[in-house]
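Every read-out reported here was derived from the displayed coordinates using simple, explicitly stated rules and does not represent laboratory data. On a predicted model such as this, the values are computed, not experimentally measured, just so you know. Note that we place each Cβ from the backbone using ideal geometry, even for glycine, and neighbour counts take in every protein chain shown.
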Amino acid sequence: MRNTFTRKEFALALACALALGVFSEAALAQARDINEHALLLDSRGAPVMSQFGLCWHTGFGPAPQWTRGCHAEVAPVAQYVAPVAMPAPAPEPVVLAAAAPLAVYEKVAFDANVLFDSDKSALRPAGRDTLDQFVSRIHGLDSRSIVAIGYADRMGSHDSNQALSERRVDAVKAYLVGKGIKAERVETSARGETAPTTSAGECKDAKNAKNVACMQPDRHVFIEISGTRIAK
């Protein structure tokens, strides 16, 4: 009686074990990925691992594509996208400064001879025209000074002729200053009758109309200026 019961119990336990084994195998089969069919499994249905942490494969079934725990998860590879070449900015226009012209200086000299009436120091109309032309010609001229020298003819005394030549040159300087020339630029001197333009043989000393007309070149103021100007 005891033996029979033991056999029945054993048969029932065996049947239960087989049923549990089949159920576990089915559950494991459903839990495993299809790619794990080629893995070597132990009695529990777990993959057999090597000492390096790698799974062993059997010779059956296809090679697994990926198995969690047995193969490293493959990270998606980023696709290389070539950079889009941006158009180069247009170069800014190069502005070349015009070269300054080289200064070329030329030496120039101007003179004027202002004539006066006999025994007079007032400027005649013709004398003012001469001075106007002189001022226009020296415009833009770089110079140190203007030299003006007064003269008189031989008629009359030496002292009166010296004073007359001084008044004549002063009249010329005042006119130039009135035209915008700085007074300090005009140097003046007077020589009276000591440096006549005419000679004694040309004109007599007698005061008559003929001799007065002959000595006209002696009654004057000579103006001179020299300097440099930029040549055009």
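Going highest first, how would you order 205-215, 166-176, 144-154 by mean Cβ packing within 10 Å?
By packing density, highest mean first, the sequence is 144-154, 166-176, 205-215.
Using label points projected 7 Å from each Cα along Cα→Cβ, tell me how many nm separate Asp159 and Ala174, to one decimal.
Each label point lies 7 Å from its Cα, and together they span 2.3 nm.
Going by amide H atoms built from the backbone, whose H comes under 5 Å of the H on Thr188, apart from near neighbours?
Ala148
Can you give the translational diffusion coefficient of region 150-225 in µm²/s, computed by Stokes-Einstein from the Kirkwood radius over Cα pairs at 25 °C and 0.890 mPa s?
This corresponds to a translational diffusion coefficient of 187 µm²/s.
Which residues' amide hydrogens lie under 5 Å from the amide hydrogen of Gly156, considering only partners 5 or more residues apart or on another chain, with H built in the peptide plane?
The list, which skips near neighbours in sequence, is empty: none.
What are the ³J(HN,Hα) couplings of region 212-218, residue after residue, when phi is run through the Karplus curve with 6.51, -1.76, 1.60 and θ = phi - 60°? Round to Hz, x for glycine and proline.
Coupling constants for region 212-218: 4, 5, 5, 8, 3, x, 7 Hz.
Could you work out how much longer the chain between Leu115 and Gln133 gets when fully extended? Use 0.36 nm per residue separation minus the Cα distance between them, nm to one decimal.
5.0 nm
If you project the alpha carbons of region 87-232 onto their three principal axes, what span does each projection cover, largest first, in Å?
101, 28, 24
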